[in-house]
Amino acid sequence: MERSIQKISLAFASIQFIVLVLVTTGSALPVAGQVGTGETVIQKATEQFDNSPLQTISLGNGLFVFSGDGGNVTAIVDNGSTLLIDSGMDSRAVELNDAVFKATMRPVTRLVNTHWHFDHTGGNVFFGSSGITIVAQENVKKQLSSVQDVPFIGLRDGHYPEQALPTMTYSSTRALRQGPQVLTLVNYGPAHTDGDTIIYIAPANVVVVGDIFSNAFYPIIDLVSGGSIDGLILAVDRILAQTDEQTKIVPGHGPVATRADLQDYRDMLVQVRQRIKVLITAGKTMDEAVAAAPTKDFDAKWGSGYLTPDVFTKIVFSSLIKSNASR
């Protein structure tokens, strides 16, 4: 029964992610070298995450990062319990739980979600079924629990099971303690989504940023969930202001990063945004902006993820048009 509920949860989450893809781009994302003809990004992501090895990385100070089963998962252990940040894919939740216990030797009692996407919340049903406290920004609970309609593509999405929902929410900031570590949860407003949580962990000097930063890929900006290129850059600027050269930055995907890595990412975002702004001001259409290849000199470094340069250009273009229209 429990596994059946988990599968239902993943199906709901998968549909929601497809909504993001379709509404943002008008079609399923084609990714050069990664997603084949007729294959959606969700199918490719599930295929990758279901077959990639789960890796455990120690950050010291009782902190561990688990990667390979969806978005990066961070664990913080104290004398009697483990706090998780994100829960990976539904299909890998049991394996993740086993890996976390092997590393920490403490049961998971709290879970923080950085945002609502399936590869970061897929394990919520598994962990939530044991009665743990799930913490998230208040918009995450709304997104996981509400029915979502996208009439112009004929899609209606159902709500998530009760046990997958956050049981503790906050608006702009909240503090938690896990042993000697103080966690400061912050939402800087719409960025990747409108429910992002950045977690500053002190004195360990670690910050977990979710999909505000993927190392090193062009980011998905969830316009349907309120995300924007301007908000993404603002969030990155604020993270940079709160970190130093010794800070370990846990991205939503990819290896643990440094502040210098995040600065490079920020510089790319700013330059791409400015180039597309110039094209919009010149009256270019979205297709003309894509043809101008505003990301060309960044593609070798940032273009190997699920978003092709063309799709990233379309997302930024759409975000800026939406921003201009709201002024």
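The values are calculated or read from the model by the stated rules, or taken from the named source; none is laboratory data. What you are looking at is a predicted structure, and each value in this text was computed from that prediction instead of being measured. In this analysis, Cβ positions are derived from the backbone assuming ideal geometry, glycine residues included, and neighbour counts consider all displayed protein chains. Accessible surface is based on the protein model in full, side chains and every heavy atom, while ligands, DNA and RNA are left aside. Shrake-Rupley method; radii C 1.70, N 1.55, O 1.52, S 1.80 Å.
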Filtering region 82-100 down to residues that are over 16 Å from Ser214 (Cβ atoms) and without any contact (Cβ under 8 Å) to a residue 40 or more places away in the chain yields Thr82, Val94, Asn97, Asp98, Val100
Cβ pairs under 8 Å, 6+ apart or interchain, first in region 182-197 and under 15 Å from Asp211 (Cβ atoms) and surrounded by fewer than 21 Cβ atoms within 10 Å (Cβ to Cβ), second of a type in the set (Asp, Glu) and modelled with pLDDT of 95 or more, ordered by first then second residue, are Tyr188/Asp196
Apart from one, (1) open to solvent by 30 Å² or more (accessible area, probe 1.4 Å); (2) more than 23 Å from Asn72 (Cα to Cα) all hold for Val290; the odd one out is (1)
inquiry  = Based on this model, can you work out whether Val112 counts as closer than 25 Å to Tyr306 by Cβ, free of Cβ contacts under 8 Å to residues at least 60 places away in the same chain, crowded, with 24+ Cβ neighbours inside 10 Å and among the β-branched types (Val, Ile, Thr)?
reply    = no
Here the residues within region 91-127 that are among the basic types (Lys, Arg) and assigned to a helix (DSSP H, G or I) are Arg92, Lys102
*Being at pLDDT 95 or above, out of contact with any Gly (no Cβ under 6 Å at 6 or more places or on another chain) and farther than 16 Å from Ile85 by Cα, is that true of even one residue in region 153-172?*
yes
query: Would you say Asp69 is free of Cβ contacts under 8 Å to residues at least 60 places away in the same chain, open to solvent by 10 Å² or more (accessible area, probe 1.4 Å), over 20 Å from Pro203 (Cβ atoms) and acidic (Asp, Glu)?
result: no
Restricting attention to region 221-231, does a residue exist that is without any contact (Cβ under 8 Å) to a residue 60 or more places away in the chain and not hydrophobic (A, V, I, L, M, F, W, C)? yes
Within region 293-327, residues out of contact with any Ser or Thr (no Cβ under 9 Å at 6 or more places or on another chain) and open to solvent by 80 Å² or more (accessible area, probe 1.4 Å) come out as Lys296, Asp297, Ala300, Lys301, Ala325, Ser326, Arg327
Residue set Tyr160, Tyr200; condition hydroxyl-bearing (Ser, Thr, Tyr), part of a loop (DSSP other than H, G, I, E, B) and closer than 23 Å to Leu111 by Cβ; output residue Tyr160
Contact list, first residue from region 254-273 and among the aromatic types (Phe, Trp, Tyr), second anywhere and open to solvent by less than 50 Å² (accessible area, probe 1.4 Å), beta-carbon distance below 6 Å, six or more apart or interchain, is Tyr265/Phe213
Picked from region 73-90 (must be open to solvent by 20 Å² or more (accessible area, probe 1.4 Å) and part of a loop (DSSP other than H, G, I, E, B)), the residue nearest to Tyr188 (Cα to Cα) is Asp78
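Taking the stated definitions as given, is Ile212 open to solvent by less than 10 Å² (accessible area, probe 1.4 Å), over 20 Å from Glu138 (Cβ atoms) and in a strand (DSSP E or B)?
No, not satisfied.
Condition first: of a type outside the set (Val, Ile, Thr), farther than 30 Å from Tyr200 by Cα and surrounded by fewer than 18 Cβ atoms within 10 Å (Cβ to Cβ). Can you find one or more residues in region 263-270 that meet it?
Looking for residues that are of a type outside the set (Val, Ile, Thr), farther than 30 Å from Tyr200 by Cα and surrounded by fewer than 18 Cβ atoms within 10 Å (Cβ to Cβ), one finds none in region 263-270, hence no.
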Per the list (1) farther than 22 Å from Leu185 by Cα; (2) crowded, with 17+ Cβ neighbours inside 10 Å; (3) among the charged types (D, E, K, R), residue check on Lys248 breaks on (1)
